[in-house]
Amino acid sequence: MRQSRRKFIATIAAAGNVIPFASGFSATLPSPAKINFPLSLFSKPLDNYDFEFICECAKSAGIGGLDLTVRKGGKIDPADVVASLPELIGKAAKYDLSTNMIVTEIVSSNDIYTEKILKTAAGSGVKYYRLGWFDYDKKVGIQETLEKCRKNFKELENLNRKFNIHGGYQNHSGTRVGAPVWDLHELLRNLAPEFLGSQYDVRHAMVEGTYTWPIGMRLIASHIKTLAIKDFTWETTGGITQPVSLPLGEGMIDWDLFFQIVKEFKIIAPITLHIEYPLLEKNEENLPLIQQQDIIIGKLKKDADFIKSYLTKYQLNT
């Protein structure tokens, strides 16, 4: 794990040197007024750094919260959730960062860690969690797989109701359940949206339906309770074409249409900013931690400002 920038600075300062914090560290805090679309940073790309480093990056970039990974290989291991989640939430609060969202691998109410994670999260003020993904079972077929998923969704809805927390299933491009958003309509339509719904990801929706994604978004709009934001384009290398993630506004997503639909269907949902492009280039990875952080903050702030500009344009946070 990489050393905290704060600890690094403290060490240097103790040696008699003075190193300023990154420019922008005193970024304006979110307004205490109710915000319809609070913005959090999905912690995954920074999970290998010290937690204070992550908090400093988010705050300096003008991001108001963290979307923490509570899963194997994540910032918090599910086995340690009872102690670790409240501890990190407390540390984030010292930076005036909310921790309204977490990312899990939960797909069943019967998993050994499910109830422990949800009880701890809800008791710590977390309102939303992302589920894991279901794979199609080729042996039983598509429809039978969906029937099994529907049963799991219903059981999770009941558990979420018990703890007053919302579970969101992310549509993800590929061959898993939910890649075609019609899957989610089939699975969610009879469930209470306040307890089980969609973490809608426009990037993955557009990968699977370049022109049809708005139809799917409209179809499940009533169940969209969190939004995952990222951008992409198609690139062909060695005869293979695949999606490549980019900073917001540099890719193919029609952000005007996306936010028009959000407004049209009166979707009110916290946003999790997903960074899936490199925050550091190869030649920057060995730079001093302070320089790395300045680069990271610059990229995060650019994306955060992009989102805020569209929220303002469509008067969604008023």
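Hey, any hits in segment 99-115 for a residue that's hydroxyl-bearing (Ser, Thr, Tyr), in contact with a Phe, Trp or Tyr (Cβ under 9 Å, 6 or more places away or on another chain) and at pLDDT below 95? Within segment 99-115, none of the residues are hydroxyl-bearing (Ser, Thr, Tyr), in contact with a Phe, Trp or Tyr (Cβ under 9 Å, 6 or more places away or on another chain) and at pLDDT below 95. Of the candidates 64, 74, 24, the single residue that is surrounded by fewer than 18 Cβ atoms within 10 Å (Cβ to Cβ) and at pLDDT 95 or above is 74. For segment 112-166, the tally of residues that are crowded, with 17+ Cβ neighbours inside 10 Å and without any contact (Cβ under 8 Å) to a residue 24 or more places away in the chain stands at 0.
Has segment 186-194 got at least one residue that is free of Cβ contacts under 8 Å to residues at least 60 places away in the same chain, farther than 24 Å from residue 37 by Cα and among the small types (Gly, Ala, Ser)? No: zero hits. Taken over segment 252-289, the criterion of being touching a Lys or Arg at 6+ places or on another chain (Cβ under 6 Å) and in a loop (DSSP other than H, G, I, E, B) is satisfied by 269, 274, 276, 279. Quick check: is even one residue across segment 197-210 surrounded by fewer than 17 Cβ atoms within 10 Å (Cβ to Cβ) and outside any strand (DSSP E or B)? Among the residues of segment 197-210, at least one is surrounded by fewer than 17 Cβ atoms within 10 Å (Cβ to Cβ) and outside any strand (DSSP E or B), which makes the answer yes.
Go through segment 96-106 and report how many residues are over 24 Å from residue 151 (Cα atoms), touching a strand residue (DSSP E or B) at 6+ places or on another chain (Cβ under 9 Å) and either in a loop (DSSP other than H, G, I, E, B) or not aliphatic (A, V, I, L, M) (or both). Number satisfying all stated conditions: 4. Residue-level check: of (1) of a type in the set (Ser, Thr, Tyr); (2) assigned to a loop (DSSP other than H, G, I, E, B); (3) closer than 21 Å to residue 44 by Cα, residue 109 misses just (3).
The values are calculated or read from the model by the stated rules, or taken from the named source; none is laboratory data. Owing to the predicted nature of the structure, the values given are computational and were not obtained by experimental measurement. Glycine also receives a Cβ, built like all others from the backbone with ideal geometry; neighbour counts cover every protein chain displayed.
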